[in-house]
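Read through the structure below, which is laid out as structure tokens, and then see the notes.
What follows is calculated from the coordinates using simple rules that are stated; it is not laboratory data. Because the structure is a prediction, the values reported are computed rather than measured. Here Cβ is always computed from backbone atoms with ideal geometry, including for glycine, and neighbour counts include all displayed protein chains.
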DNA sequence: CGCTTCCCTAGTAAATCGATAGGAAAACTA
DNA sequence: TAGTTTTCCTATCGATTTACTAGGGAAGCG
């Protein structure tokens, strides 16, 4: 009864970020077709189309139809945080039981759970909010993040 | 199409932690009945029973049947991290598309996504792994966590 | 027009979420 | 030993979500 799942990043969010990275990696006013992104990243084409629609409605990408059409980023890649992409594709970064931490209320010995969830959220926000598409696409993560990822301990499973 | 959900803590994980906190708040060898915990925390009784079963199988609580029965923590409250409880109730703390970060493989401009997820996971682990049931139950969070939770910015939504 | 590519709506199988139901098995109590 | 209490186990359930697929309409271009 205690199996998979915990705090998960959905396929949709993962795909959205990867698609955005693909767009971030091409020269500034060039555009990519959904099919090309799908092939490059191994994402189901029609599923990706829906995700790109979300990114467009969220103002992160712009699209063009027709023969020379495709998608491109609406802003420079170094002004779009990974958090922006996840939020547009998947909603709030962190939630507890479906609601965002500030809406929760705890009683008795659980009262201090609220500040704890808030702290977790603040930390996730800090990382995903400061790392941009440009950072990831050029493989130059901020030192702070790089440091965390270099600790061999971080790569081990529980 | 871009609605709720992101990185979520499930009802089950939330309930598990709250139940464990209730147990942490009573004197050391006393025990609580599932019904009492359910009432104190407003958790559906039968649902909680299943969760307490997980905690028992995970070695975090011990149980006793019969008239004077109930549940108590298997170890002192200051040796059980919130992360322990979540993992036992809900599986790995952080996962991407159902699998744990080290099992992922990215190509092209998405290559540095892996270290990014690793960094996020390391950070979540750090917080939830160092805060114990005793810390939360006594409302004395570690300074580092307290600091994060005190920033007013952390309490605002996006 | 004809081709391409985005755009939109619907549907769908499978899993998960958040429970509920019913009773068997143990422990204590009288 | 009978009765009570409480945990323990299995099974089920409706709603929602997840990860896709299908099919066609609407732009844009040559």
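In whole Å, what are the Cα extents of segment B:1-61 along the three principal axes, biggest one first?
Largest to smallest, the principal-axis extents are 50, 23, 20 Å.
Return the average number of partner chain Cβ atoms within 10 angstrom of each residue Cβ along peptide B:19-30.
2
Quick one: label points 7 angstrom along Cα→Cβ at residue A:105, distances to the other copies in nm, smallest first?
When each copy's label point is compared with this one, the spacings are 5.1 nm.
How many nanometers, to one decimal and shortest first, lie between the label point of residue B:152 and those of its other copies, if labels sit 7 Å from Cα toward Cβ?
4.6
At what distance in angstrom do the alpha carbon centres of segment A:42-62 and segment B:104-147 lie from each other?
One Cα centre to the other: 29 Å.
Which FRET efficiency, nearest 0.05, do residue B:49 and residue A:151 yield, Cβ-Cβ r, R0 35 Å?
Given R0 = 35 Å and the Cβ-Cβ separation, E is 0.35.
Enter the angle in degrees (range 0 to 90, nearest 10) between the Cα long axis of helix B:113-130 and the first principal axis of the Cα atoms of chain B, meaning the one along which they spread out most.
That works out to roughly 30 degrees.
Any idea what log10 I(q)/I(0) is at q = 0.14, 0.22 Å⁻¹ for segment A:44-136, Debye with uniform C-alpha scatterers and no solvent?
-0.65, -1.10
Can you figure out the FRET efficiency of residue B:78 with residue B:107, using R₀ = 51 Å and their beta-carbon distance, to the nearest 0.05?
0.70
At a threshold of 8 angstrom on Cα-Cα distance, excluding pairs fewer than six apart, so keeping six or more, what relative contact order does segment B:8-158 reach in percent?
25 percent
Please report, for residue B:62, the nm distances (one decimal) from its label point, 7 Å out from Cα along the beta-carbon direction, to the equivalent points in the remaining copies, shortest first.
Those separations, rounded to one decimal, come out as 6.8 nm.
Over its Cα atoms, what ratio of radius of gyration to 2.2 N^0.38 Å does chain A give?
After normalising by residue count via 2.2 N^0.38 Å, the value is 1.19.
Given the options A:94, A:26, A:85, which has the most mean-square fluctuation in a GNM of chain A, springs set between C-alpha atoms less than 10 angstrom apart?
A:26
Please check: in the Gaussian network model of chain A (C-alpha springs, under 10 Å), which one of A:71, A:106, A:15 has the largest mean-square fluctuation.
A:106
Where does helix A:45-57 land angle-wise versus the long Cα axis of chain A, in degrees 0 to 90, nearest 10?
80 degrees
In which sequence would A:105, B:27 go, from the one with the fewest C-beta neighbours within 10 Å to the one with the most?
B:27, A:105
Assuming 0.890 mPa s and 25 °C, estimate D for the protein assembly as shown with Stokes-Einstein, Rh taken as the Kirkwood radius over Cα pairs, in µm²/s.
119 µm²/s
Does anyone have the angle between helix A:11-24 and the longest principal axis of chain A? Alpha-carbon axes, 0 to 90°, nearest 10?
50 degrees
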